[in-house]
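The values are calculated or read from the model by the stated rules, or taken from the named source; none is laboratory data. All values derive from a computational prediction rather than experimental measurement. Neighbour counts run over all protein chains shown; Cβ positions are idealised from the backbone, glycine included. Areas reflect the complete protein model, heavy atoms only, side chains present, ligands, DNA and RNA absent. Shrake-Rupley method; radii C 1.70, N 1.55, O 1.52, S 1.80 Å.
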Amino acid sequence: MTLFRNLFFTLTLLTAGLLANDTPHADVIIKRMIVAYGGKQNIQQLNAYEQFWNIETKTTDTNGTDERKVMMPNSLSTKLLYPNKTEIRMLHNNYGTKKFDDQLIQAKGPMLDAMKLQLMRLYHPLVLQRKLSHIHASEDAKHYILTLTQGSISAQYFVSKERYLVDKVIGKLQMGAQTMEFVTLYKDYRPVQGVMVPYKEIKYAGNVNTAVMHLLKMHFLTAPKIIVH
């Protein structure tokens with residue numbers, strides 16, 4: 001009986017090991033993503049850009065717009081315009097501020113972490129490649145899942161096994177003893193100057209669908225290239 005238990009335990013470990021080895025290494029997945037998104041040269045355009053979005057708000061009956069400026073990998077500014085309010089969020093080198101109409105506050109704690117996650121979810125494949133040592137790869141039936149941890153926050157990138165484009169990002173942060181999740185679904189990918197860009201974002205805070213966003217226009221800016229050795 002002891003021999004049988006030992007044999008069963010050994011076979012279980014071997015089977016688990018074989019299954020674990022089925023998932024490609026994160027580096028392999030990211031290299032395939034680079035091809036799918038348009039190649040290194042085209043993806044470099046995503047180091048600096050401006051986007052203008054229409055916000056279809058799901059928690060109220062008031063819609064708005066989002067003016068987004070991204071400078072990879074350290075800066076993000078968003079200007080949210082609604083009929084009754086304006087909010088400007090700025091993050092640069094882990095320092096964040098929020099301005100509500102005429103009131104300016106420094107973002108700290110979970111508020112700052114949420115801003116960092118907003119930037120992390122926008123990381124393109126070349127940024128992920130540079131952060132490879134902090135990424136763990138796993139999978140489900142339809143996606144490879146790249147989990148990137150940066151300090152107290154993490155982001156999971158759900159990469160389609162068919163297209164190697166990101167279908168979903170789950171950002172996680174700690175709020176006391178609780179873990180808060182922010183989910184963004186990416187739809188309607190289209191090529192913009194040779195690089196694939198999602199024209200639709202569906203946002204959730206926890207299980208609540210907060211907004212559906214539609215891309216109106218996009219401009220690439222000039223920024224230093226991200227070199228991956």
When you look at Ala137, is it at pLDDT 95 or above, assigned to a strand (DSSP E or B) and in contact with a helix residue (DSSP H, G or I) (Cβ under 8 Å, 6 or more places away or on another chain), yes or no?
yes
Give just the number: which of (1) assigned to a helix (DSSP H, G or I); (2) surrounded by fewer than 15 Cβ atoms within 10 Å (Cβ to Cβ); (3) of a type in the set (Asp, Glu) does Asp113 not satisfy?
(2)
Could you list, in sequence order, all residues of segment 47-77 that are hydrophobic (A, V, I, L, M, F, W, C), surrounded by 20 or more Cβ atoms within 10 Å (Cβ to Cβ) and out of contact with any Gly (no Cβ under 6 Å at 6 or more places or on another chain)?
Trp53, Val70, Met72, Leu76
Among what's in segment 166-181 and is surrounded by fewer than 16 Cβ atoms within 10 Å (Cβ to Cβ) and in contact with a strand residue (DSSP E or B) (Cβ under 6 Å, 6 or more places away or on another chain), pick the residue that is nearest to Gln44 (Cα to Cα).
Glu181
Name the residue, out of Ala141, Ala107, Ala114, that is of a type in the set (A, V, I, L, M) and within 15 Å of the chain's Cα centre (by Cα).
Ala114
Before we move on, is Leu128 open to solvent by less than 20 Å² (accessible area, probe 1.4 Å) and not charged (D, E, K, R)?
yes
Output the number of the condition that Leu104 fails; it satisfies all remaining conditions of (1) open to solvent by 80 Å² or more (accessible area, probe 1.4 Å); (2) in contact with a helix residue (DSSP H, G or I) (Cβ under 9 Å, 6 or more places away or on another chain).
(2)
Residue under question is Tyr123, and the condition is that it be among the aromatic types (Phe, Trp, Tyr), open to solvent by less than 40 Å² (accessible area, probe 1.4 Å), touching a residue at least 24 places away in the same chain (Cβ under 8 Å) and touching a Lys or Arg at 6+ places or on another chain (Cβ under 7 Å); does it hold?
no
Would you tally the residues in segment 187-229 being open to solvent by 60 Å² or more (accessible area, probe 1.4 Å), hydroxyl-bearing (Ser, Thr, Tyr) and at pLDDT 95 or above?
1
Please work out which residue is most open to solvent (accessible area, probe 1.4 Å), limiting yourself to segment 78-89 and to residues that are closer than 19 Å to Lys217 by Cβ and either in a loop (DSSP other than H, G, I, E, B) or not polar (S, T, N, Q) (or both).
Lys79
Options Thr59, Thr78: the member that is among the hydroxyl-bearing types (Ser, Thr, Tyr) and either farther than 23 Å from Gln150 by Cα or more than 19 Å from the chain's Cα centre (by Cα) (or both)
Thr59
Among the residues listed as Gln103, Gln129, the single one being modelled with pLDDT under 95 and out of contact with any strand residue (DSSP E or B) (no Cβ under 6 Å at 6 or more places or on another chain):
Gln103
Which is modelled with pLDDT of 95 or more, open to solvent by 20 Å² or more (accessible area, probe 1.4 Å) and of a type in the set (Val, Ile, Thr), of Thr147, Thr184?
Thr147
